[in-house]
Amino acid sequence: MKDFIKTTVLGALLATAGSAAFAETELRLSVETPPGHVRNLAAERWAEAISEASGGEMTVEVFPAAQLYKSADAIRALASGALDMSIQANVTMSQFEPNLSFSILPLFFGRTAEEANAILNGPIADEMGEMLSKKGINVPGAAFLFAPQHTAFTTETAVDSYDDLAGLKLATPPSPVVVAVLKEMGGSPQAARRSEIPLLLSQGQIDGMGGVTELTIIGGKLWESGIKNVFADNAGWGFYMPVVSQATMDKLSDDQQAIIRDTWAEVGQWAAAHAAEEMASARETLAANGVTVVDADPEMVAEKRTALIELQDKIVADGGMDADFIGRVTEALDGSM
């Protein structure tokens, strides 16, 4: 794990050696995804890197699979100071800050990973951090791109076109924007916590999932709960953000805060590369587990995007998003092409 320790951090530690040592600090990090998921792997690496960089004076205990907090509960706990750290999906964070749903608006239909990454590594990222800082949450580093989101992952009913969505009960991330877009497509979306999905699927209470990614299925081995079909239309992008309670950051020394940021700089890069590697082999993994993927016809996707763009202003308003901010995202996105 020495690769995770940046020179700047080592310099800070050497400068403090022999004088004021770090106060022993125990932190808790909660994620709702199961062990083996890229988010969990990143959390574990981050925890280990923090401990090593601080010489063991800072320790981070990772709680996976919603053992400590479920989905949005973790975000509220971060804001209140009840939880120290997490790595959160932007669609989940959007319950707390609606503008973080920007990457799943119609304007992102069909966009490439390069275009999405350009947004996450530009001025828009700074704005995201400022939005959350006003609500008691510190963003100590760059988000990492996870995977393209698709409209439908189903059990028995295969989806080959948007017409096939009619009446399908699809569990979605708890984002008003995801729900609104799927409704406009003709589906019957039902916001649900990630930890609830396997039971809902296995009991037949839902027909599948919507607005998630192939890596979501792989990370949760959701073929074991009945997922058999994927309608892949690249209807947006999901990303993960490192988040720390501002109350926790305020209790740390400057050097400890630097460790939090600098270790994430390395871990975040690793996580982005790992997610990209998983995406490269995702179709093979799904096929090996009996999941069939149908790629949506590009012309059909283009037509749907055009139709939804006309409704985007309403979706933005209804979702409590800032139209000016979305305008800046649009300008930045168009400039990345």
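The values are calculated or read from the model by the stated rules, or taken from the named source; none is laboratory data. Being a predicted model, the structure only gives us computed values, none of them experimental. No Cβ is skipped: glycine too gets one built from the backbone with ideal geometry, and neighbour counts run over all protein chains shown. Protein only, heavy atoms only, side chains kept; ligands, DNA and RNA dropped before computing areas. Shrake-Rupley method; radii C 1.70, N 1.55, O 1.52, S 1.80 Å.
Looking at the structure I just gave you, is A271 at pLDDT 95 or above, in contact with an Asp or Glu (Cβ under 8 Å, 6 or more places away or on another chain) and hydrophobic (A, V, I, L, M, F, W, C)?
When the stated conditions are applied, A271 does not pass them.
Filter segment 140-149 down to the residues that are open to solvent by 40 Å² or more (accessible area, probe 1.4 Å) and not in a loop (DSSP other than H, G, I, E, B) and list them by number.
none
Filter segment 76-95 down to residues that are surrounded by 19 or more Cβ atoms within 10 Å (Cβ to Cβ) and modelled with pLDDT under 95 and give me whichever is nearest to the chain's Cα centre (by Cα).
Result: A89.
Does segment 150-163 contain at least one residue that is in contact (Cβ under 8 Å) with a residue 24 or more places away in the chain, open to solvent by less than 30 Å² (accessible area, probe 1.4 Å) and more than 21 Å from L308 (Cα to Cα)?
Yes: segment 150-163 contains one or more residues that are in contact (Cβ under 8 Å) with a residue 24 or more places away in the chain, open to solvent by less than 30 Å² (accessible area, probe 1.4 Å) and more than 21 Å from L308 (Cα to Cα).
Which condition does G167 not pass, out of (1) free of Cβ contacts under 8 Å to residues at least 24 places away in the same chain; (2) surrounded by fewer than 17 Cβ atoms within 10 Å (Cβ to Cβ); (3) under 25 Å from L145 (Cβ atoms), if it passes all the others?
Of everything listed in (1) free of Cβ contacts under 8 Å to residues at least 24 places away in the same chain; (2) surrounded by fewer than 17 Cβ atoms within 10 Å (Cβ to Cβ); (3) under 25 Å from L145 (Cβ atoms), G167 misses just condition (3).
Which of the following residues is hydrophobic (A, V, I, L, M, F, W, C) and modelled with pLDDT of 95 or more: L215, L222?
L222
Restricting attention to segment 309-318, does a residue exist that is modelled with pLDDT under 95, over 30 Å from S80 (Cα atoms) and hydrophobic (A, V, I, L, M, F, W, C)?
yes
State all residues of segment 101-139 that are in a helix (DSSP H, G or I), open to solvent by 40 Å² or more (accessible area, probe 1.4 Å) and over 15 Å from I326 (Cβ atoms); if no residue qualifies, say none.
Correct list: E114, N117, A118, D126, E130, S133.
Going through segment 180-202 one residue at a time, which ones are open to solvent by less than 30 Å² (accessible area, probe 1.4 Å) and without any contact (Cβ under 8 Å) to a residue 40 or more places away in the chain?
Those that are open to solvent by less than 30 Å² (accessible area, probe 1.4 Å) and without any contact (Cβ under 8 Å) to a residue 40 or more places away in the chain: L182, G187, P189, A192, I197.
Identify all residues within segment 251-304 that are touching a Lys or Arg at 6+ places or on another chain (Cβ under 7 Å), under 22 Å from D160 (Cβ atoms) and of a type in the set (A, V, I, L, M); write none if there are none.
Result: V291, V293.
Taking the options T306, T285, T330, name whichever one is closer than 19 Å to R111 by Cα, of a type outside the set (A, V, I, L, M, F, W, C), surrounded by fewer than 18 Cβ atoms within 10 Å (Cβ to Cβ) and touching a residue at least 40 places away in the same chain (Cβ under 8 Å).
Step by step, each of T306, T285, T330 is checked, and only T330 is closer than 19 Å to R111 by Cα, of a type outside the set (A, V, I, L, M, F, W, C), surrounded by fewer than 18 Cβ atoms within 10 Å (Cβ to Cβ) and touching a residue at least 40 places away in the same chain (Cβ under 8 Å).
Which ones in segment 249-271 are within 26 Å of S101 (Cα to Cα) and either surrounded by fewer than 23 Cβ atoms within 10 Å (Cβ to Cβ) or hydroxyl-bearing (S, T, Y) (or both)?
M249, R261, A265, E266, G268, Q269, W270
How many residues are aliphatic (A, V, I, L, M) and part of a loop (DSSP other than H, G, I, E, B) when one looks only at segment 150-177? It would help to see each step written out before you state the result.
We begin by selecting, within segment 150-177, every residue aliphatic (A, V, I, L, M); these are 152, 158-159, 165-166, 168, 170-171, 177.
From what is left, the residues that are part of a loop (DSSP other than H, G, I, E, B) are 158-159, 166, 168.
Residues meeting the conditions: 4.
Would you pick out the residues in segment 288-302 that are exposed (fewer than 11 other Cβ atoms within 10 Å of the Cβ) and assigned to a loop (DSSP other than H, G, I, E, B)?
Once the filter is applied, which keeps residues that are exposed (fewer than 11 other Cβ atoms within 10 Å of the Cβ) and assigned to a loop (DSSP other than H, G, I, E, B), segment 288-302 yields only G290.
Has segment 276-283 got any residue that is touching a Gly at 6+ places or on another chain (Cβ under 8 Å) and not acidic (D, E)?
Checked against the condition, which is being touching a Gly at 6+ places or on another chain (Cβ under 8 Å) and not acidic (D, E), segment 276-283 yields no hits at all.
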